[in-house]
Amino acid sequence: LEHEALLKVEQAETVDELKNIRVEYLGKKGPITEVLRGMGKLPKEERPVIGQLANEVRERIADAIEEKQSRLEDEALEEQLKNEDIDVTLPGRPVQVGGPHLLTSIIEEIEDLFIGMGFEIKEGPEVETDYYNFEALNLPKGHPARDMQDTFYITEELLMRTHTSPVQARTMNAKNGKEPVKMICPGKVYRRDNDDATHSHQFTQIEGLLVDENVRMSDLKGVLQEFAAKMFGRERRIRLRPSFFPFTEPSVEMDISCKVCGGEGCSVCKGTGWIEILGAGMVHPNVLEMAGYDSEKYSGFAFGMGPERIAMLKHGIDDIRHFYTNDVRFLKQYHNA
Ligand code: PHE
């Protein structure tokens, strides 16, 4: 019996087979258990002899099974290591490193520039009330200038903001009409436009607002001049043209001189020598009053610009949709810009 069991152990090729052998010989229904169970029927003198013999046989079989099992396990491990070996001389796969989106970089650059002039950064909600988006900016219901800024309505009173100008009114309101304000506000805005090379239903703006005693148009011009010089280079000139916004009076549009302009054929400024880059003006007295400021005592200027447009001029990008379609080949070009 022992011989037979040991032979089977020797021939076993898997751990499962060993398990079966253990059950067969050493299990509750196995021959050794049977012998031990039948001891009672044996003559008294034979019991210790048979008992010892049975125990020894059981131990030897158990040892053999154990030894074989560890050998099988070692072999399996060996095999696995052989199959899984790693060729450390293979070249590594390059890791794709991301970087800031061009629009993010431009916005941060503009933020830094204005922080340097003492402005603080504010933010406001993209879902805005009709009051802040229009009414508080001197655009009452039915005002014809609302047509220019058609947007996505959520309810009659709630809409996706069409510009960052509502943050002007929010910031002034929060100061209770007393303290001066000096802030810029970057953020997303929405218009009901059909997307093409120069229009997008969602784009970004940066608003600027300065309110204090004795703020004059020359202060506005000085700040904008500094901005243009830092952003586009000292050699660029600016000019202010009269314009209209309901929330500023007087209102202007700012142009900067065209760098690439060679006259007639210039693609950037169409030969005019100037490129429009932002809208601005002196805060309308009605806007100051609605926000709780005494317009006899306080005055201010505001401006609004589009970072996409600025990035397009700076880098010669010809289609605004490049900013949103996220083609990494486009984005990568500006990772160190
Ligand atoms: N909110 C205006 C626009 O979106 C821009 C602007 C801002 C003009 C501040 C004047 C002052 O067109």
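The values are calculated or read from the model by the stated rules, or taken from the named source; none is laboratory data. If you're wondering where the values come from, they're calculated on a predicted model, not measured in any experiment. Glycine gets a Cβ as well: all are built from the backbone with ideal geometry, and neighbour counts include every protein chain shown. Surface accessibility is based on the protein's heavy atoms, side chains included, excluding ligands, DNA and RNA. Shrake-Rupley method; radii C 1.70, N 1.55, O 1.52, S 1.80 Å.
Cα gyration tensor of segment 184-296, axes a ≥ b ≥ c as square roots of the eigenvalues: rounded (a/c below 1.5), prolate (a/b > b/c) or oblate?
Numbers: a/c = 2.24, a/b = 1.41, b/c = 1.59.
It comes out oblate by the Cα gyration axes.
Going through segment 1-55, which GluC sites (Glu not before Pro) have at most 13 other Cβ atoms within 10 Å and a DSSP loop state? Write out the running numbers ahead of the final one.
Values: sites: Glu2, Glu4, Glu10, Glu13, Glu17, Glu24, Glu34, Glu45, Glu46; in loops: Glu13, Glu45.
Within segment 1-55, the qualifying GluC sites (Glu not before Pro) (loop, at most 13 other Cβ atoms within 10 Å) are Glu13, Glu45.
Averaging sequence separations of C-alpha pairs under 8 Å and six or more residues apart, then dividing by the length of segment 1-152, give the relative contact order as a whole percent.
Over segment 1-152, the number comes to 18 percent.
Between segment 116-141 and segment 162-216, how far is it from one alpha carbon centroid to the other, in angstrom?
5
What is the Cα centroid distance between segment 268-298 and segment 1-30, reported in whole angstrom?
If we compute the Cα centre of each part, the gap is 95 Å.
Loop only by DSSP, 16 or fewer other Cβ within 10 Å of the Cβ. Give me the trypsin sites (Lys or Arg not before Pro) in segment 116-200 that pass, ordered by residue number. Could you put the intermediate results ahead of the total?
Numbers: sites: Lys122, Lys141, Arg146, Arg161, Arg170, Lys175, Lys178, Lys182, Lys188, Arg191, Arg192; in loops: Lys122, Lys141, Arg161, Lys175, Lys178, Arg191, Arg192.
Answer in residue order: Lys141, Lys175, Lys178, Arg192.
Binning every alpha carbon pair distance of the chain at 20 Å from zero, what are the percents per bin?
With a bin width of 20 Å, the distribution comes to 23, 33, 8, 11, 17, 8, 0.
Let me have the relative contact order for segment 205-278, percent, based on Cα pairs under 8 Å that are six or more residues apart.
Values: 84 pairs, mean separation 13.5, N = 74.
Computed value for segment 205-278: 18 percent relative contact order.
Under a 1.4 angstrom probe, counting protein chains only, how are Tyr153, Tyr131, Tyr25, Tyr334 ranked by accessible area, largest first? Don't skip to the answer; put the middle values down first.
Values: Tyr153 110, Tyr131 85, Tyr25 5, Tyr334 25 Å².
Reading off the accessible areas and sorting them downward yields Tyr153, Tyr131, Tyr334, Tyr25.
Label-point separation (nm) for Asn173 and Met148, each offset 7 Å from Cα along Cα-to-Cβ?
About 2.3 nm, to one decimal.
Assign one of three labels to segment 124-253, namely rounded, prolate or oblate, based on the Cα gyration tensor with a ≥ b ≥ c the square roots of its eigenvalues; rounded applies when a/c is under 1.5, prolate when it is not and a/b is larger than b/c, and oblate otherwise.
oblate
When the accessible area of segment 226-322 is computed with all protein chains present and a 1.4 Å probe, what percentage of it is carbon and sulfur?
Numbers: 2170 of 4490 Å².
Looking at segment 226-322 in its full context, I get 48 percent from C and S.
Take peptides 307-318, 50-61, 68-79, 245-256 and line them up by average Cβ neighbours within 10 Å, highest first, as a rough protection proxy.
Working: 307-318: 18.2, 50-61: 15.1, 68-79: 12.5, 245-256: 20.8.
Going from most to least packed, we get 245-256, 307-318, 50-61, 68-79.
With unit charges on the beta carbons (Lys and Arg positive, Asp and Glu negative) and the dipole taken about the Cα centre of the chain, which residue among His315, Met117, Ile106 sits farthest to the positive side?
About the Cα centre, the residue reaching furthest to the positive side is Met117.
Which value, in Å², gives the accessible area per residue of the chain when a 1.4 Å probe is used on the protein heavy atoms?
That works out to 59 Å² for each residue.
When only C-alpha pairs under 8 Å and at least 6 residues apart count, what is the relative contact order of the chain, in percent?
Numbers: 498 pairs, mean separation 49.7, N = 337.
The value is 15 percent.
Does segment 93-180 classify as rounded, prolate or oblate by the C-alpha gyration tensor (a ≥ b ≥ c root eigenvalues; a/c under 1.5 gives rounded; else a/b over b/c gives prolate, otherwise oblate)? It would help to have the intermediate numbers written out before the result.
Values: a/c = 2.85, a/b = 1.51, b/c = 1.88.
The shape class here is oblate.
Can you give me the Cα centroid spacing of segment 51-95 and segment 306-334 in angstrom?
If we compute the Cα centre of each part, the gap is 60 Å.
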